[in-house]
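The numbers here are math on the coordinates, done by the rules we state, and not lab data. Please read all numbers here as calculations on a predicted model, not as lab measurements. FYI the Cβ positions are ideal-geometry reconstructions off the backbone, even for glycines, and counts take in every protein chain you see.
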Amino acid sequence: MTTRPLPSIEGLDKPFWQALRQGEVRVQQCGDCGMHRFPATRFCARCRSETFEWVAVEPTGVVETWCVFHRPYFEALTVPYTVIQVRLKCGIRLFSNPVEVEAGALRINMPVEAVFEDITPEVTLLKFRPTKGHVQ
Ligand SMILES: [Zn+2]
């Protein structure tokens, strides 16, 4: 049996992965200008400050775009699968997978909320489902 590719959880983004384990989305926030950022960086891209803290942000956002993969790039990922680009309310953009919705039902600006999927004892993945109560 092959295992799916897993993210490295030991780099600069370690607090992000640890927070997912706790059911939270945490990103860096600049200590000077307040801008949120992810993936983690040493400097703020806006004001160059090196001061930051990891803060929990609201785990909701909207779908900006998506892509359905039909070609198998990873043996352990069954095609087709869908990758979405989500913009969180705090402004952070990230890539993820949708759950509880077919690719054909995705819409630009569809409100989504975080789902925390435990994959291994160490790794939890951040996925998104349509916000409950959202009507097409
Ligand atoms: Zn800044």
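General remarks:
- Relative contact order, percent, the chain [alpha-carbon distance under 8 Å, six or more residues apart]: 22 percent
- Max mean-square fluctuation residue, GNM over the chain, Cα-Cα springs under 10 Å, options Thr51, Thr120, Thr41: Thr120
- Annotation: extensible slack from Arg93 through Val55 equals 12.1 nm (criterion: 0.36 nm per residue apart, minus Cα-Cα distance).
- Note that segment 58-136, at 4 °C in a medium of 1.567 mPa s, gets a Stokes-Einstein diffusion coefficient of 99 µm²/s from its Kirkwood radius over C-alpha pairs.
- Calculated from the alpha-carbon coordinates, segment 10-57 shows an Rg and a Dmax of 10.4, 31 Å respectively.
- The helix-only estimate of mean residue ellipticity at 222 nm for the chain, built from DSSP H runs of length n ≥ 4 each weighted as -39500 (n - 2.57), is -1500 deg cm²/dmol after division by the residue total.
- Along each principal axis, Cα extent of the chain, largest first, Å: 43, 39, 26
- DSSP-loop trypsin sites (Lys or Arg not before Pro) across segment 85-136, with at most 16 other Cβ within 10 angstrom: Lys89, Arg107, Lys132
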